[in-house]
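These notes are about the structure you will find just below.
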Amino acid sequence: MNKPVRLMVVDDHALFRRGLISLLEEMPNLQVVGEATNGKEALGVFEKQRPDLILLDINMPVMNGIETLTAIRKLNPDQKVLMLTISQNDEDLIGAIVAGANGYLLKNTEPDVLHSTLVQAMAGNSVLSPEVTSRVLQAVRRSQADRNRSILSDREIDVLKCLARGQTTSQIAGVLFISENTVKTHIRHILEKLEVNNRAEAVARASQLELI
Amino acid sequence: MTHHKIPVRRVVIISANPLFREGLRTLYADRWKGKALIVATPTNMAEADAALEKHQPNLVIVDYDDKTINRAEFLEHFFDGKSTMQMMLVSLGDAGEVVIYDRRKLTPADAQNWLNDPWQEE
């Protein structure tokens, strides 16, 4: 028989926490070795118990879940931590992932899904509640688009928008109040930065990268 | 010596959150053995209405965080009803406060007795 997974539950909601612990203790191969009502308390229990896996709420008094996760990561970079929260707030979600959470589960998870998630997390997989997956993907896309946008200057983006409207060099120069030579210089830089060969390709690539 | 048979109380736990619902069930089912029975665990208003009508519970625990469960509607139920019932309102989003309502129906004589010591332990 496998050694049971040693769990710690951190949640300030006493009714939820006690119920959850009672539920976890009924699940096979799990053992709850510690509980805490806020992050500060959790750090003390963590040092003493060194659990295999921590279930961590986010919105808690004294020290919230993300601060706690950051502190735990400093004590043990390999510690497995799953956030278990009602928050679908982007700031909490992305904050937890950036702080190094191994997963983000909502409290509306079914008990059998929670169990399989714990097993997956112990196997080294990252897990997300289906409700938050699309938010993570959106955030990644947004951040990629922001990075792409920073490749080009604001003026180059303006020139690209003109190219996308099918404007010629002289028309662009007129619209942006710059010389045709300056327009050509901007276009040459755009082609280099986007690694394309002509204006049409530049517009297609810019559209693909959500620059325009 | 006469033994009074204490009736088994009926408990309904209303929550859209399975971990909360099943957690409470696991925690209290054994602890309440012989004293109370969790008779229903509805997950939305329609199921809750049906369970309240069918079981006439002594205790209702309501987690009103989910949009499918309406706190105001529950309070209306509570104030409209006549039978003895306790109701606990819980929000998973607010760990600071749980509200318990205690509804009793008494005869005027019982009410007078009750007023002699309204704060006695049950």
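The values are calculated or read from the model by the stated rules, or taken from the named source; none is laboratory data. Computed from a prediction, not measured in an experiment: that's the story for all the values here. For neighbour counting, all protein chains shown are included, and Cβ atoms are generated from backbone atoms with ideal geometry for every residue, glycine included. The accessibility values were calculated without ligands, DNA or RNA, using every heavy atom of the protein model including side chains. Shrake-Rupley method; radii C 1.70, N 1.55, O 1.52, S 1.80 Å.
Structural remarks
- Flag if B:V11 is part of a strand (DSSP E or B), open to solvent by less than 30 Å² (accessible area, probe 1.4 Å) and either of a type in the set (K, R) or more than 10 Å from chain A (Cβ to nearest Cβ) (or both): yes
- Those residues of region A:33-61 which are within 12 Å of chain B (Cβ to nearest Cβ) and not acidic (D, E), in sequence order: A:T37, A:N38, A:L55, A:I58, A:N59, A:M60, A:P61
- Every residue from region B:10-25 that is touching an Asp or Glu at 6+ places or on another chain (Cβ under 6 Å) and more than 12 Å from B:S91 (Cα to Cα): B:P18
- A:V10 vs. criteria over 27 Å from B:E22 (Cα atoms) and within 14 Å of another protein chain (Cβ to nearest Cβ): no
- Residue in region A:101-117 that is closer than 30 Å to A:M8 by Cα, modelled with pLDDT of 90 or more and open to solvent by 80 Å² or more (accessible area, probe 1.4 Å) present: yes
- Which listed residue is under 32 Å from the mean Cα position of the chain (by Cα), assigned by TED's automatic domain parsing to the domain that holds A:R155 and not in a helix (DSSP H, G or I), from A:V196, A:V203: A:V196
- B:L24 vs. criteria in contact (Cβ under 8 Å) with a residue 24 or more places away in the chain, away from every other protein chain (no Cβ under 14 Å), assigned to a helix (DSSP H, G or I) and not small (G, A, S): no
- For region B:1-46, residues that are of a type in the set (D, E, K, R) and under 15 Å from the mean Cα position of the chain (by Cα) total 5.
Table: residues versus (1) surrounded by 21 or more Cβ atoms within 10 Å (Cβ to Cβ); (2) outside the structural domain of A:N102 (by TED's automatic domain parsing); (3) at negative phi; (4) within 26 Å of the chain's Cα centre (by Cα).
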residue	(1), (2), (3), (4)
A:Q31	no, no, yes, no
A:G44	no, no, yes, no
A:L55	yes, no, yes, yes
A:R73	no, no, yes, yes
A:D78	no, no, yes, yes
A:L82	yes, no, yes, yes
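- Within region A:109-140, the set of residues being farther than 18 Å from A:M27 by Cβ and within 14 Å of chain B (Cβ to nearest Cβ) comprises A:S129, A:E131.
For every residue, the table says whether it meets (1) closer than 18 Å to A:M122 by Cα; (2) at pLDDT 95 or above; (3) in contact with a Leu (Cβ under 9 Å, 6 or more places away or on another chain); (4) buried (at least 16 other Cβ atoms within 10 Å of the Cβ).
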position: A:L7; (1), (2), (3), (4): yes, yes, yes, yes
position: A:S22; (1), (2), (3), (4): no, no, yes, yes
position: A:G39; (1), (2), (3), (4): no, no, yes, yes
position: A:P61; (1), (2), (3), (4): no, no, no, no
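- Condition met for A:Q167 (open to solvent by 40 Å² or more (accessible area, probe 1.4 Å), modelled with pLDDT of 90 or more and in a loop (DSSP other than H, G, I, E, B)): yes
- Within region B:44-80, if we keep just the residues that are touching a residue at least 24 places away in the same chain (Cβ under 8 Å) and small (G, A, S), the residue that is farthest from the other protein chains (Cβ to nearest Cβ) turns out to be B:A51.
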